[in-house]
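In what follows, a single structure is set out as structure tokens and then discussed.
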Amino acid sequence: MTTLRLRWERREPPLSAAAVLALGPAVPALAAATRDRLRAGHRLSAATDGTALLVLGPADDLPWADGAHYLGLDGRLLVPTTARPLPAADLWRSALGAADGQLCALVPGHGLVADVPPPLTDPEALAALLGGAA
């Protein structure tokens, strides 16, 4: 058995944002902001596990929501733009069970592994993804 103790250190300079992740009570606000971005013509992708909403897209197109985490790529792991996981990011992908081609995000207290979602252009597709909650 291998045990990894997750620690975080401040990252300078920050990573460029590639995604935004909302957990629990922050999900509705991010869903609403994502819906507004889609209505404005932005192309985004989204994945959810019922308790988290991960929205991917170009940094300038990402929605903003209180309590959401902006994530950048550290190798093949999405992490907070201002934090570096220790030990190395690729070890955490493996520890979370992410397969090649899957998305893997890690923030303090939560890990998410998902298949890469298709682009969304229709706000109704987001509502369907969230079970009508967008």
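The values are calculated or read from the model by the stated rules, or taken from the named source; none is laboratory data. In this text the structure is predicted, and so the values were computed from the model without any measurement. With ligands, DNA and RNA removed, areas are computed over all heavy atoms of the protein, side chains included. Shrake-Rupley method; radii C 1.70, N 1.55, O 1.52, S 1.80 Å.
Annotations
- Choice from Leu54, Leu91, Leu23 showing the highest fluctuation, given a GNM over the chain with Cα pairs closer than 10 Å: Leu91
- Rg over Rh [alpha-carbon atoms, Kirkwood Rh] for the chain: 0.97
- Only helices enter the 222 nm calculation for the chain: every DSSP H run of n ≥ 4 contributes -39,500 (n - 2.57), and dividing by all residues gives -5500 deg cm²/dmol, rounded to 500.
- Accessible surface of the chain [probe 1.4 Å, protein heavy atoms]: carbon and sulfur percent: 54
- If you take the alpha carbon atoms of segment 76-122 and fit the smallest convex hull around them, that volume is 95 Å³ per residue.
- Both radii are taken from the alpha-carbon atoms of segment 22-67; with Rh as the Kirkwood radius, Rg/Rh is 0.93.
- Of the three principal axes defined by the Cα atoms of segment 61-100, the extents in descending order read 30, 20, 15 Å.
- Solvent exposure of segment 66-134 amounts to 48 Å² per residue of accessible area, where only protein heavy atoms count and the probe is 1.4 Å.
- Ratio of the Cα radius of gyration of segment 34-91 to 2.2 N^0.38 Å, where N counts its residues: 1.25
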